[in-house]
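K.L.:
Structure in structure tokens, see below.
The values are calculated or read from the model by the stated rules, or taken from the named source; none is laboratory data. Small disclaimer: the values here were computed from a predicted structure and weren't measured. Here the Cβ is made from the backbone with ideal geometry for all residues, glycine too, and neighbour counts use every protein chain on show.
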Amino acid sequence: MAEVRIPFNRPYVVGEEFGFIQAAIREGQLSGDGAFTRLCNELIVKETGASAALLTHSCTAALEMAALLCDIGPGDEVIMPSFTFVSMANAVVLRGATPVFVDIDPVTLNIDPGKVAAAVTPRTRAIFVVHYAGFPADMDRLAEIAAAHDLFLVEDAAHAYGSSYKGRPVGSLGDLATFSFHETKNVTSGEGGALALRRADLVARAEIIREKGTNRTSFTRGEVDAYRWVDVGSSFLPGELMAAFLYAQLRHAGSIRQKRLALFERYAEAFRDLEAAGRVGLPHASDDCAGNGHMFYLLMRDRADQDAFIAHMREAGIVTPFHYVPLHSSPAGRRFGRSTGDLPVTNDTAERLVRLPMFAALDADIEVVIEAARASLRDRRAA
Ligand SMILES: *Cc1c(COP(=O)(O)O)cnc(C)c1O
């Protein structure tokens, strides 16, 4: 197998990380909720317009907190896309509830609001949506459905830090939003995440759930004389070293986004002729959405083209992975979930989509990727 010349992702370091980690060590608090965690929370609130943000050790943790905050329990159903990451479904299954998988829109690859409306039953408790590739889902329509049936609306914004919808920032479009700062995301601390809460009335309980079900956060603020076990919870907070690293990244989130958006535009321009010729599909957000350059994908004609493209690029030393194996057809999805029909767009997308390398330091290597990709598409067309 060819040596990897251009990976799919390479973590980008802004330069201030080490200094902040040293400061955290000097400060003397390495456990969670110290000065750097508070600084991160403030930046996330500023970026999202949420009432509060709580750093977590992953987006997975934030999704588990969201499921607890929505009081999801046995017998409940949660409507979600099948074309997403497993953590969303696990958060629901861990509460004894059933994920109900619905199809995505073929243009945006986000959850299809029409399919969501049709999937609501008396047992439905919440709608969990993903902003795929950093492009927001159709939140106005989803909020209408949620309001009509008194459902929680949760954004999995793992891809979408810094994106916006009709001029409103991702992270305060639903009741709750979850972010990932995993190495593969725009802004990172290796592993990391956050829960953003638009609903101010849920903040006090979120603090308790995040601190093992205790009111320790109130205690730290001097509001109570001792901290006690008051609710269900777990340990969802990261330590200060991770927060110190993340703070450096969050401070530069805007410039990281600009770099990635420039790469996104270059990719889009490079394949536009092939799209016009019907050879590949490209990402298309609706006009009222602003993305964050999280991902650039191509949609091949079929699975054979997808396989051939990935293999050809691998030969050139370039990693271009496919994406989600649909949850509804996965072993655990079949065991724990329920799907509404065949989900043809999800199935079709999964076997046609490939992702191109995308990271802030890709720089001029993007031209190498474009050349290899165009050569692959040309060869395959001739074949
Ligand atoms: C990355 C990702 C997650 C999980 O994030 P972690 O921080 O690794 O737990 C969840 N949902 C989506 C859509 C993701 O892309």
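K.L.:
Any residue at all in segment 117-131 that's modelled with pLDDT of 95 or more and more than 21 Å from Ile72 (Cα to Cα)?
P.N.:
Narrowing segment 117-131 to residues modelled with pLDDT of 95 or more: 117-131.
Retained after the next criterion (residues that are more than 21 Å from Ile72 (Cα to Cα)): 131.
Looking through segment 117-131, at least one residue is modelled with pLDDT of 95 or more and more than 21 Å from Ile72 (Cα to Cα).
K.L.:
Another question about this same structure. If Arg125 satisfies all but one of (1) touching a Cys at 6+ places or on another chain (Cβ under 8 Å); (2) within 16 Å of the ligand (Cβ to nearest atom), what's the number of the condition it fails?
P.N.:
Every listed condition holds for Arg125 apart from (2).
K.L.:
When you check Asp156 against the structure, is it away from the ligand (no atom under 16 Å from the Cβ), in contact (Cβ under 8 Å) with a residue 60 or more places away in the chain and acidic (Asp, Glu), yes or no? Can you show your working first?
P.N.:
Numbers: away from the ligand (no atom under 16 Å from the Cβ): no; in contact (Cβ under 8 Å) with a residue 60 or more places away in the chain: yes; acidic (Asp, Glu): yes.
For Asp156, the condition - away from the ligand (no atom under 16 Å from the Cβ), in contact (Cβ under 8 Å) with a residue 60 or more places away in the chain and acidic (Asp, Glu) - is not met.
K.L.:
Another one. Kindly provide the set of residues from segment 124-145 that are farther than 15 Å from His159 by Cα, among the small types (Gly, Ala, Ser) and buried (at least 23 other Cβ atoms within 10 Å of the Cβ), ordered by number. Can you show your working first?
P.N.:
Here is the first cut: in segment 124-145, the ones farther than 15 Å from His159 by Cα are 124-127, 138-145.
Checking the rest, the ones that are also among the small types (Gly, Ala, Ser) come to 126, 143.
Matches in segment 124-145: Ala126 only.
K.L.:
Looking only at residues in segment 159-168 that are part of a strand (DSSP E or B) and not polar (S, T, N, Q), which one is farthest from the ligand (Cβ to nearest atom)? Talk me through it step by step, then tell me what you get.
P.N.:
Let us first name the residues in segment 159-168 that are part of a strand (DSSP E or B), namely 164-165, 168.
The next check asks that each one be not polar (S, T, N, Q); those that pass are 165, 168.
Details: Tyr165: 16, Arg168: 20 Å.
Among those that are part of a strand (DSSP E or B) and not polar (S, T, N, Q), it is Arg168.
K.L.:
Residues that are surrounded by 19 or more Cβ atoms within 10 Å (Cβ to Cβ), within 16 Å of the ligand (Cβ to nearest atom) and farther than 23 Å from Lys212 by Cβ: does segment 70-78 have at least one?
P.N.:
Checked segment 70-78: at least one residue is surrounded by 19 or more Cβ atoms within 10 Å (Cβ to Cβ), within 16 Å of the ligand (Cβ to nearest atom) and farther than 23 Å from Lys212 by Cβ.
K.L.:
Still on this structure: Of these, Arg216, Arg205, Arg210, Arg221, which one is in contact with a strand residue (DSSP E or B) (Cβ under 8 Å, 6 or more places away or on another chain) and either among the charged types (D, E, K, R) or without any contact (Cβ under 8 Å) to a residue 24 or more places away in the chain (or both)?
P.N.:
Working: Arg216 fails: in contact with a strand residue (DSSP E or B) (Cβ under 8 Å, 6 or more places away or on another chain); Arg205 fails: in contact with a strand residue (DSSP E or B) (Cβ under 8 Å, 6 or more places away or on another chain); Arg221 fails: in contact with a strand residue (DSSP E or B) (Cβ under 8 Å, 6 or more places away or on another chain).
Of Arg216, Arg205, Arg210, Arg221, the one residue that is in contact with a strand residue (DSSP E or B) (Cβ under 8 Å, 6 or more places away or on another chain) and either among the charged types (D, E, K, R) or without any contact (Cβ under 8 Å) to a residue 24 or more places away in the chain (or both) is Arg210.
K.L.:
Same structure, new question: Please find, among Ala147, Ala119, Ala133, the residue that is in the same structural domain as Gly171 (by TED's automatic domain parsing) and within 15 Å of the ligand (Cβ to nearest atom).
P.N.:
Ala133
K.L.:
Output the residue which, of all residues in segment 336-347 that are assigned to a helix (DSSP H, G or I) and touching a residue at least 40 places away in the same chain (Cβ under 8 Å), is nearest to Ser82 (Cα to Cα).
P.N.:
Within segment 336-347, the first condition is being assigned to a helix (DSSP H, G or I), and the residues that meet it are 336, 344-347.
Among the residues that remain, those that are also touching a residue at least 40 places away in the same chain (Cβ under 8 Å) are: 336, 344-346.
Details: Phe336: 13, Pro344: 11, Val345: 10, Thr346: 7 Å.
For segment 336-347, the residue satisfying everything is Thr346.
K.L.:
Can you pull out every residue in segment 80-101 that is more than 16 Å from the ligand (Cβ to nearest atom), in a strand (DSSP E or B) and touching a helix residue (DSSP H, G or I) at 6+ places or on another chain (Cβ under 6 Å)?
P.N.:
Going through segment 80-101, the residues more than 16 Å from the ligand (Cβ to nearest atom) turn out to be 95-98, 100.
Adding the requirement that they be in a strand (DSSP E or B) leaves 98, 100.
Passing the criteria: only Val100.
K.L.:
Considering only residues that are surrounded by 18 or more Cβ atoms within 10 Å (Cβ to Cβ) and either in a helix (DSSP H, G or I) or hydroxyl-bearing (Ser, Thr, Tyr) (or both), which ones fall in segment 348-383?
P.N.:
Correct list: Thr349, Ala350, Ile366, Val369, Ala372, Ala373, Ser376, Leu377.
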